[in-house]
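Please read the structure below before turning to the comments.
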Amino acid sequence: MDRLWAPWRMAYINGMNDDGEHDGCFLCTARDADDDREALVFMRRPKAFAVLNRFPYNNGHTLIVPNAHKGNLADLSDDESLALMTLTRDVLGVFKQILRPDGFNVGINFGRTAGAGLPEHLHLHVVPRWNGDTNFMPVLGETKVIPQSLQDIYDRIVAAITEGSEDGPQDSASC
């Protein structure tokens, strides 16, 4: 039997209750965090924020989250909906600059059957994609290799945001 050492998964497993679900809202916890680097929040806006996914599908997998704890698009105000899309656009701009992906998957999962791990707090997924990023590991080994640590990708993103560019937003991680 082959083994893949992945000790970071224990944080996910240990956060589950007896029903196999997570207690509390990890997105509200990230929103309210005092330490953005520890929480992996790299952009904040008045009505939304961007946080790296702790259990990514690919390098840079990000969640775009309304500050309000709402689970349905219909519950969002027009300003909140616009904030999500504007922040998504700005994250894509930064990622194009520093990660140089060949494309992106952007989407929302509504309900557990659609893959929503936290259906009570709506969020968009932004997943950078590269030609050839699907190889034999996920197909044969049911394993995805993420070649960069969350802290490293976080630091690169925040550095790019802080430095600013003509193509990207001028926000800092804590604004």
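The values are calculated or read from the model by the stated rules, or taken from the named source; none is laboratory data. Treat the numbers as computed from the prediction; the structure is a model and nothing was measured. Cβ atoms come from the backbone with ideal geometry, glycine included; neighbour counts cover every protein chain shown.
Take the residues of the range 51-80 that are within 16 Å of the chain's Cα centre (by Cα) and without any contact (Cβ under 8 Å) to a residue 60 or more places away in the chain: which is surrounded by the fewest Cβ atoms within 10 Å (Cβ to Cβ)?
By that ranking, first place goes to 55.
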*How about the range 62-175: which helices (runs of 4 or more DSSP H) wholly inside it have at least 1 residues that are closer than 16 Å to residue 27 by Cα, of a type outside the set (Asp, Glu) and modelled with pLDDT of 90 or more?*
78-98
*Whichever residue in the range 1-59 is touching a His at 6+ places or on another chain (Cβ under 9 Å) and among the aromatic types (Phe, Trp, Tyr) and, among such residues, is modelled with the highest pLDDT*: 26
